[in-house]
Amino acid sequence: MKLPPERLLLPSHIPTSLWNASEGILRLPHPLASAYVAVIDQLGLRELGSQRDDDAPIGGLGEAETKKHFAQAFDGSCARTLLAILDPKGEAGASSDAFLLLTAGGHLCLVDAPCGSGAASVSMLCALAELRRTGALPRTPLRIDLIAGEISEHARGIASSLLREIDEALRAQAIFVTTDLVHWDVTCAVSNSALTKKSVRIGDESTHRLVVVANFSGFLVNTGKMRLAEPQIEELFRFHSGDRTLGIWIEPQTNSALRVGGIFSWLSSKLQSTWSRFVSPADAGSRSREDEPEHHTSSARFEMPLIAPRTANVRLAVSTYRLTTAAE
């Protein structure tokens with residue numbers, strides 16, 4: 001799948017409801033911000049969500065860990081996704097065009113693994129709805145089958161609540177989402193094959209496929225799980241390869257993502273070796289040097305829904321891929 005030669009969404013066309021250009025501040029789409037606050041209150045986490053420090057929690061399997069991460073880091077993860085798909089500063093490479101190209105209309109199979117509490121998926125869906133609501137994008141009917149894989153039952157429960165909260169706003173903009181939240185353990189071949197078979201079957205019926213991996217470097221690198229996870233990540237990408245598929249990998253700008261031996265370094269080595277037959281950088285043609293990094297970075301401030309108008313910094317590292325078959 002070829003990306004357009006010019007940006008589909010110019011920074012000047014991003015509505016002020018999402019991006020305050022004069023101050024450089026991102027705003028979460030209103031339905032997303034409202035859903036986040038509603039679920040925070042349902043879980044009794046408002047006080048915890050107002051307590052922030054410089055080290056955002058990574059999350060975990062337990063209920064307490066999941067709730068703390070949701071209360072204190074979810075909005076930042078949403079802002080990071082918005083920065084990738086809106087790219088208001090023109091720094092995020094092909095991620096904005098890739099997302100907008102696949103969500104213009106028709107039938108999209110969206111694979112989000114790991115989905116966590118749903119930050120990447122709900123941010124993408126709500127941003128798309130807001131772009132349509134404000135006239136920045138046409139309101140063409142779009143059917144989305146969302147296959148969301150996550151190991152934490154508690155995180156899947158929160159994601160389910162958020163998706164229910166935003167459904168009406170999505171439908172108002174002709175975005176119709178069917179969701180399947182499934183248990184997914186990236187270190188388990190059986191678990192990964194179950195998710196892959198399900199998403200490939202649905203993907204074969206769709207017009208486009210998008211694979212999103214977000215906020216995974218902390219788990220993969222810091223806990224030493226890369227070796228166990230590698231075969232499953234390869235299977236996920238390889239089985240979704242085809243001329244209608246793109247992938248976006250989103251991370252914070254941390255050592256586990258950016259250092260030598262970090263997640264993007266690992267991805268780069270795979271693209272140059274065993275993955276080269278079915279994965280390639282989506283913006284390879286625009287890179288001026290072969291040794292130029294395949295990931296892009298950007299940063300901004302974002303308004304925190306629980307304690308607005310207070311803002312916090314969000315820092316993005318992102319890479320976008322074409323998932324193609326060897327025969328292409």
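Readers should treat all values here as calculations from the given coordinates under stated rules, not as data from a laboratory. Please read all numbers here as calculations on a predicted model, not as lab measurements. With ideal geometry, Cβ positions are generated from the backbone for all residues, glycine too; neighbour counts draw on all protein chains shown.
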*May I ask you to work out the translational diffusion coefficient for the chain at 37 °C, viscosity 0.692 mPa s, via Stokes-Einstein with Rh from the Kirkwood sum over Cα pairs, reported in whole µm²/s?*
168
*Note, ³J(HN,Hα) from phi for the stretch 98-103, Karplus 6.51, -1.76, 1.60, rounded to Hz, x at Gly and Pro*: 4, 5, 5, 4, 7, 10
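Kirkwood hydrodynamic radius (Cα pairs, Å) of the stretch 1-114? Could you put the intermediate results ahead of the total?
Values: mean 1/r = 0.0617 Å⁻¹.
It works out to 16.2 Å.
To check you understand DSSP bridge types, tell me what percent of the beta bridges within the stretch 17-323 (both residues inside) are antiparallel, rounded to 5. All intermediate terms of the calculation are to be shown ahead of the outcome.
Working: 20 of 49 bridges.
Given both bridge residues lie in the stretch 17-323, the antiparallel proportion sits at roughly 40 percent.
Sorted from largest to smallest, which semi-axis lengths in Å does the alpha carbon gyration tensor of the stretch 140-210 give for its equivalent ellipsoid, taking the root of 5 times each eigenvalue?
Details: eigenvalues 111, 62, 7 Å².
Equivalent ellipsoid of the stretch 140-210: 24, 18, 6 Å, largest first.
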*In whole Å, how far is the Cα centre of the stretch 157-231 from that of the stretch 74-119?*
13
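Sort 233, 147 by Cβ crowding within 10 Å, fewest neighbours at the top. Write out the running numbers ahead of the final one.
On the way: 233 21, 147 27.
Fewest to most other Cβ atoms nearby, the residues stand as 233, 147.
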*Hey, fewest Cβ within 10 Å first, where do 200, 211, 260 land in order?*
260, 200, 211
